[in-house]
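No value in this document is a laboratory result; all are computed from the given coordinates. Please read these numbers as outputs of a predicted model, since none were measured by experiment. Cβ placement follows ideal geometry from the backbone for every residue including glycine, while neighbour counts extend to all protein chains displayed.
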Amino acid sequence: MELIFLGTGSGIPSKERNVSAIALTLLQEKNSIWLFDCGESTQHQILHTSIKPRKINKIFITHMHGDHIFGLPGLLSSRSFQGGDDLLTVYGPPGIKEYINTSLKVSGTHLLYPLSIIEITAGQLYEDETISVNCRTLDHGIQSYGFRIVEKDKAGELLVDKLKDAGIDPGPIYQKIKDNPTVTTVDGQQIQREDFVGPNKKGRVISILGDTRASHEYESFVKHSDVLVHEATFNQDKEDMAKQYSHSTTTQAAYFAKESNVKKLVLTHISSRYQKEDNQQLLNEARHIFPNTELASDFYKVTL
């Protein structure tokens, strides 16, 4: 499981940062890639990575501002020519269906794969046997969402040495013990799985918030995340501007991460007013409050 930041700027592209897009690679877990936002030129950014567009089968859109959606029509179209033939589902706020359908219609684009577009409200969006995705509204100029991705706990490792000590030799019986609460051996011995399997492996949790003012309201939503991705459009001196434009500062994001007891904070959505030489200052502002903070740049990766 890996996050790849394809675009980390806000508003307009710059020479150093493209606009918003984040890929969550689930190749080992689900043989798929999920995309969060798809700003202009996202497919160009993908060309600089190992990501295969045909592997992208879910796209989550935080809100309908252009720097988060203008790359969608091109990516959806190109996927038809890159081997993508399985279902792709786009989740987004009201208006996302009209935007996509209109873009495809007026450009005469015919997709070679099934496309599902789901307009979202707060609550659970997706769940299967291994992972779930929930969303909630944020505080932005238009309807904006945050997403919480929760991997379910995995069964613990089979305690092989303990089984051998109990006189149970390796064989198909080991898989049966792992798969069933109680197993009876050929000699009539009853084996309880809980006695021979280690503790569950805790699932990973990622929270990705769209554009938002800083608010204590979301603490329970992101609480105990292994990684929190939070916008930091402005530096700490621009709190009034952040409030006016419905965004957050570096320090506001850091205080939020600290109060939410997350393990790691990654800042993104950086204003184009800040250049490469400003990055360390922006990072230091946040780290002074929440030490385990990183400032994402384009193609920055977080492995979980």
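Dipole magnitude for the chain: computed about the Cα centre from +1 point charges on Lys and Arg Cβ and -1 point charges on Asp and Glu Cβ, it is near 380 debye. Ranked by the mean number of other Cβ atoms within 10 Å of their residues, highest first, the peptides 81-93, 181-193 come out as 81-93, 181-193. Antiparallel as a % of all DSSP beta bridges within the chain, to the nearest 5? Antiparallel: roughly 60 percent of the beta bridges in the chain.
Between the exposed loop cleavage positions of the chain, defined as GluC sites (Glu not before Pro) in a non-H, G, I, E, B DSSP state with at most 13 neighbouring beta-carbon atoms within 10 angstrom, the longest gap is 158-304. Calculated FRET efficiency, S107 to D179, Cβ-Cβ distance, R0 = 51 Å: about 0.50 to the nearest 0.05. Ranking of S248, S103 by neighbouring Cβ atoms within 10 Å, starting from the fewest: S103, S248. The modelled label-to-label distance for the pair D278/D86, using points 7 Å beyond Cα in the direction of Cβ, is 4.2 nm. Here D128, D37 are placed in order of increasing Cβ neighbour count within 10 Å, fewest first, which gives D128, D37. Distance between the C-alpha centers of region 9-82 and region 185-246? Whole Å please. A separation of 22 Å, based on Cα centres. For region 130-275, the Stokes-Einstein estimate of translational diffusion at 4 °C and a viscosity of 1.567 mPa s comes to 71 µm²/s, using the Kirkwood hydrodynamic radius over alpha-carbon pairs.
Here the residues I4, I22, I173, I120, ranked from fewest to most Cβ neighbours within 10 Å of their Cβ, fall in the order I173, I120, I4, I22.
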